[in-house]
């Protein structure tokens, strides 16, 4: 009976070590906020394809904070930023939403987690459906 317990104990120790290692790796690779003043461009692309660029200078570390500070987004009760530059996307009406991207690539995190750096370019594209 004692011999059968060792593989289970060793397996549990290895599993815990792998989980701890994965957490440290994830934290080490995550973007770190940049302190100080940053200039960035936030482009709003409307349903008709027209766009407007906003040049921002901010000390904010995350995209959402910089946009709220500039008065470009409004935080909705559902936890989303449905209104951008005065235009509201309403999924329940016409399946519209805002696609937020950086240099044309959709963000892999929300605006609250998107760390910003000097010189970056972001887009908010009014989108209907998928």
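This table checks each residue for (1) assigned to a helix (DSSP H, G or I); (2) in contact with a helix residue (DSSP H, G or I) (Cβ under 9 Å, 6 or more places away or on another chain); (3) surrounded by fewer than 16 Cβ atoms within 10 Å (Cβ to Cβ).
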| site | (1), (2), (3) |
| --- | --- |
| 49 | no, no, yes |
| 53 | no, no, yes |
| 64 | yes, no, no |
| 67 | yes, no, no |
| 81 | no, yes, no |
| 97 | no, yes, no |
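Looking at 28, 79, can you tell me which residue is at pLDDT below 95, under 19 Å from the mean Cα position of the chain (by Cα) and on the phi > 0 side of the Ramachandran plot? Step through it out loud before you land on a result.
Values: 28 fails: on the phi > 0 side of the Ramachandran plot.
When all the criteria are applied, what remains is 79.
Looking at (1) modelled with pLDDT of 95 or more; (2) buried (at least 16 other Cβ atoms within 10 Å of the Cβ), find the lone condition where residue 111 falls short.
Single failed check for residue 111: (1).
Given 74, 35, which one is out of contact with any strand residue (DSSP E or B) (no Cβ under 7 Å at 6 or more places or on another chain) and over 11 Å from residue 126 (Cα atoms)?
Going through 74, 35 in turn, just one is out of contact with any strand residue (DSSP E or B) (no Cβ under 7 Å at 6 or more places or on another chain) and over 11 Å from residue 126 (Cα atoms): 35.
Conditions: (1) within 26 Å of residue 37 (Cα to Cα); (2) surrounded by 14 or more Cβ atoms within 10 Å (Cβ to Cβ); (3) touching a residue at least 12 places away in the same chain (Cβ under 8 Å). Residue 121 meets all but one. Number of the miss?
Just one mismatch for residue 121, condition (2).
Got a number for residues in region 33-47 being under 16 Å from the mean Cα position of the chain (by Cα) and in a loop (DSSP other than H, G, I, E, B)?
Final tally of qualifying residues: 2.
Would you point out the residue of region 77-106, among those that are in contact with a strand residue (DSSP E or B) (Cβ under 7 Å, 6 or more places away or on another chain) and free of Cβ contacts under 8 Å to residues at least 12 places away in the same chain, that is nearest to residue 52 (Cα to Cα)?
Filtering region 77-106 for residues that are in contact with a strand residue (DSSP E or B) (Cβ under 7 Å, 6 or more places away or on another chain) and free of Cβ contacts under 8 Å to residues at least 12 places away in the same chain, the one nearest to residue 52 (Cα to Cα) comes out as 83.
The values are calculated or read from the model by the stated rules, or taken from the named source; none is laboratory data. It should be emphasised that the depicted structure is a prediction, and the values quoted were computed from it without experimental measurement. Backbone-built Cβ (ideal geometry, glycine too); neighbour counts: all protein chains shown.
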